[in-house]
Amino acid sequence: MTDRIVLAYSGGLDTSVAIGWIADATGAEVIAVAVDVGQGGEDLEVIRQRALDCGAVEAYVADARDEFANEYCMPALKANALYHDKYPLVSALSRPVIVKHIAAAAKQFGADTMAHGCTGKGNDQVRFEVGITSIAPELKCIAPVRDLALTRDKAIDYAEKHNLPIATTKKNPFSIDQNVWGRAVETGFLEDIWNAPTKDVYDYTDDPAFPPVPDEVLITFEKGIPVAIDGEKVTPLQAIEIMNRRAGAHGIGRIDIVEDRLVGIKSREIYEAPGAIALIEAHKELENVTLEREQARFKRRMSDEWTELVYDGMWSSPLKQSLDAFIEDTQKYVSGEIRMQLHGGKAIVDGRKSDTGLYDFNLATYDEGDTFDQSAARGYIEIYGLAAKQAAARQARLGY
Ligand code: ARG
């Protein structure tokens, strides 16, 4: 039987050419796998047909939008996951769900190898290949761009020569990856890190310099997950989509950073993640009301660890799974309502409500009738500061 290879297919020029390119180079049959993670754009059926027209023997398409929102974006929200304190892991989150579908397609169509369109310089090759090793270790991996010398120019020549049904003229200067959690834009003139992004870089957000009137939004959370917006029940996918639209209209979630890739290269990235950034902001504030102080501190450290593991392609690692269990446990009281104002590039919380919170008005108030016994503070501080006092006395005595 001929060897079969499953290819992570986007529908774009490079992976469309890769179908024939891989077949020519290896003699294998290629099965295209396209996964909808809310990237928008073309219909899955159109993409499926294009894969077949480009020479795929089978095309597997999956609408994974809810799966992606529920099982990948929601854990990231619970973790308040921001790499370099800013980037909400957009691409890093989508690779594991794509990998899952690739493994399923490989099984269904009897393939023993997977292929992806990544270069040899980025994080995504690592995420795909380590992802596959973790859930389908029997699959081999090849990357035509990295391993079979498929350059952009060769791809254009190949598509024209073989009359592939894919546009080769529209030369987009950027490399873009997008899904419902956000959008990543790199390369082109952005590689000069002094160059400011131009208007055409953005798609999910409007210019925050000219915002419409402020938009007040109420987000209801249950155990760390948004379940209603302005009182209307929503699924996680709907919550992200609605917030993408509303926060996007105010230019919220534009990010411009030089980031440390896993492979040791620093790269300049522009991100847009209006929904993710607004939801994380709301979720963080609800945690301020509901998490116990030490638990909150520890969780911040664990969340950083979780974020780095996910960025580094370790979605299925044992440590990541243990951290999942910890983070999940912290969310049992993260329920309530957050009120936010969306305006001028910012999502600002100005009200919170929770029946499961730890905020106690009677303890906090400076008005009459508070229940806090202030006389207890004196002795507490005496003991709390004892070690510092001893150390200061020694320094005064010895002078160094
Ligand atoms: N640097 C980001 C990451 O590694 C985004 C990469 C997205 N890919 C792209 N072609 N823009 O998660």
>> Which residue fluctuates most in the GNM of the chain (Cα springs below 10 Å): LEU358, LEU82, LEU279?
In response: LEU358
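Structure shown: which of LYS121/LYS154; LYS100/LYS233; LYS107/LYS154 lie over 24 Å apart, alpha-carbon to alpha-carbon?
The pairs that break the limit, which is 24 Å between Cα atoms, are LYS100/LYS233; LYS107/LYS154.
For the ranges 54-62, 15-23, what's the packing order if you count other beta-carbon atoms within 10 Å of each residue, average per peptide, and put the highest first?
Values: 54-62: 20.9, 15-23: 25.9.
Ranked by mean Cβ neighbours within 10 Å, highest first: 15-23, 54-62.
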>> If Rh is defined by the Kirkwood formula over all Cα pairs and Rg also comes from Cα, what ratio Rg/Rh do you get for the stretch 174-321?
In response: 0.99
> On the accessible surface of the stretch 305-354, probed at 1.4 Å, how many percent belong to carbon and sulfur atoms?
Replying inline: 52 percent
> In deg cm²/dmol, rounded to 500, what helix-only [θ] at 222 nm does the chain give when every DSSP H run of at least 4 residues adds -39500 (n - 2.57) and the total is split over its residues?
Replying inline: -13000 deg cm²/dmol
>> Just to confirm, what accessible area per residue do you get for the stretch 27-104 at 1.4 Å probe, in whole Å²?
In response: 33 Å²
> How big is the equivalent ellipsoid of the chain along its three axes, where each semi-axis is √(5λ) from the Cα gyration tensor, reported in whole Å from largest to smallest?
Replying inline: 46, 24, 21
> Which angle between 0 and 90 degrees, to the nearest 10, do you get for helix 44-53 versus the longest principal axis of the chain when only C-alpha atoms count?
Replying inline: 30 degrees
>> Taking 8 Å as the Cα distance limit and 6 or more residues as the minimum spacing, I'd like the relative contact order of the stretch 158-305 as a percentage.
In response: 22 percent
> How high is the relative contact order of the stretch 248-314, given as a whole-number percent (alpha carbon pairs under 8 Å, six or more residues apart)?
Replying inline: 26 percent
>> How large is the Kirkwood hydrodynamic radius of the stretch 83-153, counting all unique pairs of alpha carbons, in Å?
In response: 13.0 Å
> What percent does the relative contact order of the stretch 235-358 come to when contacts are Cα pairs within less than 8 Å and at least six residues apart?
Replying inline: 29 percent
> Can you list the chymotrypsin sites (Phe, Trp or Tyr not before Pro) in the stretch 62-97 that are in a DSSP coil and have 16 or fewer other beta carbons within 10 angstrom?
Replying inline: none
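Can you bin the stretch 232-275 into rounded, prolate or oblate? Criterion: square roots of the alpha carbon gyration tensor eigenvalues sorted a ≥ b ≥ c, rounded for a/c under 1.5, prolate for a/b above b/c, oblate for the rest.
The shape class here is oblate.
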> To the nearest 20 debye, what is the magnitude of the charge dipole of the stretch 202-256 about its Cα centre, counting +1 on the Cβ of each Lys and Arg and -1 on the Cβ of each Asp and Glu?
Replying inline: 200 debye
> For the peptides 103-115, 367-379, 207-219, what is the packing order when you average, over each peptide's residues, the other Cβ atoms within 10 Å and list the highest mean first?
Replying inline: 103-115, 207-219, 367-379
>> If you take every DSSP beta bridge fully contained in the chain, what fraction is antiparallel? Give it as a percent rounded to 5.
In response: 70 percent
> So, by mean Cβ neighbours within 10 angstrom, what's the order for 325-338, 182-195, 292-305 with the highest one leading?
Replying inline: 325-338, 182-195, 292-305
> Can you give the charge dipole size of the stretch 123-202 about its Cα centre, rounded to the nearest 20 debye, using +1 on the beta carbon of Lys and Arg and -1 on the beta carbon of Asp and Glu?
Replying inline: 200 debye
> When N counts the residues of the stretch 147-217, how does its alpha-carbon radius of gyration compare numerically with 2.2 N^0.38 Å, as a ratio?
Replying inline: 1.57
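The values are calculated or read from the model by the stated rules, or taken from the named source; none is laboratory data. Just so you know, these numbers come straight off a predicted model, no measurement behind them. Glycine gets a Cβ as well: all are built from the backbone with ideal geometry, and neighbour counts include every protein chain shown. Areas reflect the complete protein model, heavy atoms only, side chains present, ligands, DNA and RNA absent. Shrake-Rupley method; radii C 1.70, N 1.55, O 1.52, S 1.80 Å.
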